[in-house]
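For reference, the structure is listed below as structure tokens.
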Amino acid sequence: MPTNTAESLPADSSSVRYQPLPTTREERGRQIAKRGGIRKVGARFAVPSQSIGADAPTYIVDIVEESCTCPDAELRQALPRETRVRCKHVEAVWFWLAWEGAVSVEGNPVEAPKKRKTYKQNWPAYNAAQCVEKERIMMLLKSLCEGIEEPPPARTGRPRIPLRDAIFAAVMKVYSGFSTRRASTDIRGCAERGHIESEVHFSSVIRCLDSATTTEILIRLIEESAAPLAEIENIAGQFAQDSTGFSTVTYDRWFDQKHGKLMAQHAWVKLHLMCGTVTNVVTAAKVSSEADCPLLPELLKKTVQRFDVKEVSGDKAYLSKKNLEEIESVGAVPFIPFKTNSVGMASKSPHWRRMWAHFSLRTEEFLAHYHRRSNVETTMWMIKSKFGGAVRSKLPTAQVNEVLAKVLLHNLCCIVSAITEFGIEVDFAVKPSPSAPPVLTLVQP
């Protein structure tokens, strides 16, 4: 039976879409290159055999002639060079050169591709943060919830559960990743540790998540939870904005008249956020189905209340004269790339002309600053990978609050990471007044 390799294809099969299997010469050459042992001998290369053993042979490869001393290459040596198939050892040398250095072929220097830049992980700090994350998140969340103002008590009926306890339980329910009923064990454990006055029933958690008051409180807590990291973020002063979607358990169904069948798709909850590019903390957030561009000024104004904003990055969806003007009005520099059909110096906006000149004349410098926008993608990945890219709630308000709870938990995780990575401590004791939220200050150890 013929195999799916280049040799088994007919001569007139140029139009056939061919996907090589992992058993082809190219893949075997990649495996040899990864295993190592290739060395340069003069103008040629010594490549070990793919077989393992003390008596495994070594073959000599000439990449200029694309020849090899292995039996596979010797069988095809008599064929014309343009129809000759390279053996796995020649493929291994090309893979090895791409990672180890450069080579000159027929007098023309061929620079090897640069290795992809990687960033080392501070594993001791990461391990320390992960081992105590849940405990410290509960402490931070308790401190934040202490600043929530309680509504006036009802004149009749049973006593209400403290609002701060309901918010605490709802956020910890999202942290657990369980349904409201299955999260009751974790909420009961929080009550036993003294983080809340008493256990909150799962029905109270559901009502809390489906309340518009909870939305306002969570937005404020997100902004307050970002404040302790202002000391770190203000050093660079670089912030980025973007949006992402969270899948829901509900479907949108409709009958498509054009195709004559019932159509369905998941409904989505859209999150807009602005974050710092050093600690990835979310400085402002809003859950709305609005377009990206009009929301930049709103999130920017909330960010400048607690942070020293020097640069703001965003993709082309945020390009508008108003956004450029708003960013420069707070003393920051906008790094938003222009579109191919953007009007340059002919624009009447001085902010537009200034950034157009920067984008056109100093493109590399512009893109180097714009590259900081990649950190907002990292922030969204951090939120979704840890707390899920979907929401469990079915009601619209509860879905919004669940997404905001994920963002709040992400900020608390950033604080926990900063405690171990940057060697800082959080002081919970500073409170300007009983009704005001606690001030979380950074204290150098």
Query raised in the report: Which ranges mark the strands (runs of 3 or more DSSP E) fully within the range 235-295 that have 1 or more residues being closer than 20 Å to residue 316 by Cβ and either touching a residue at least 24 places away in the same chain (Cβ under 8 Å) or of a type in the set (D, E, K, R) (or both)?
Result: 238-256, 261-276
Query raised in the report: For the range 53-62, does any single residue satisfy the condition of being in the same structural domain as residue 24 (by TED's automatic domain parsing), in contact with a Pro (Cβ under 6 Å, 6 or more places away or on another chain) and either more than 17 Å from residue 24 (Cα to Cα) or among the hydrophobic types (A, V, I, L, M, F, W, C) (or both)?
Result: yes
Requested in this report: Please give the number of the condition residue 3 fails out of (1) touching a Phe, Trp or Tyr at 6+ places or on another chain (Cβ under 7 Å); (2) modelled with pLDDT under 65.
Outcome: (1)
**Report entry** Residues located in the range 198-212, provided they are out of contact with any Lys or Arg (no Cβ under 7 Å at 6 or more places or on another chain) and at pLDDT 95 or above
**Finding:** 200, 201, 203, 204, 206, 207, 208, 209, 210, 211, 212
Report task. State whether the residues of the range 175-183 include one that is among the basic types (Lys, Arg) and assigned to a helix (DSSP H, G or I). Result -> no
Query raised in the report: Restricting attention to the range 219-241, does a residue exist that is out of contact with any Cys (no Cβ under 7 Å at 6 or more places or on another chain), of a type in the set (Val, Ile, Thr) and farther than 30 Å from residue 306 by Cα?
Result: no
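For residue 356, are the conditions met, namely being under 24 Å from the mean Cα position of the chain (by Cα) and either part of a loop (DSSP other than H, G, I, E, B) or more than 24 Å from residue 308 (Cα to Cα) (or both)?
no
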Query raised in the report: Got a sec? Which of 333, 278 is surrounded by fewer than 22 Cβ atoms within 10 Å (Cβ to Cβ), under 20 Å from residue 363 (Cβ atoms) and either in the same structural domain as residue 249 (by TED's automatic domain parsing) or not basic (Lys, Arg) (or both)?
Result: 333
Query raised in the report: Is at least one residue of the range 384-405 closer than 20 Å to residue 327 by Cβ and touching a strand residue (DSSP E or B) at 6+ places or on another chain (Cβ under 7 Å)?
Result: no
Query raised in the report: Only one residue in 398, 368, 405 is among the hydrophobic types (A, V, I, L, M, F, W, C), at pLDDT below 95 and on the phi < 0 side of the Ramachandran plot, so which one is that?
Result: 368
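Would the range 101-119 turn up any residue that is under 30 Å from residue 220 (Cβ atoms) and at pLDDT 65 or above?
No, the range 101-119 has no match at all.
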Report task. Determine whether residue 391 is within 23 Å of the chain's Cα centre (by Cα) and surrounded by 16 or more Cβ atoms within 10 Å (Cβ to Cβ). Result -> yes
Query raised in the report: Pairs under 9 Å by beta carbon, first residue on the phi > 0 side of the Ramachandran plot in the range 319-338, partner part of a helix (DSSP H, G or I) and surrounded by 16 or more Cβ atoms within 10 Å (Cβ to Cβ), six or more apart or different chains?
Result: 331/304
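The values are calculated or read from the model by the stated rules, or taken from the named source; none is laboratory data. Keep in mind it's a predicted model, so treat the numbers as computed, not measured. Methodologically, a virtual Cβ is constructed for each residue, glycine included, from the backbone with ideal geometry; neighbour enumeration extends over all protein chains shown.
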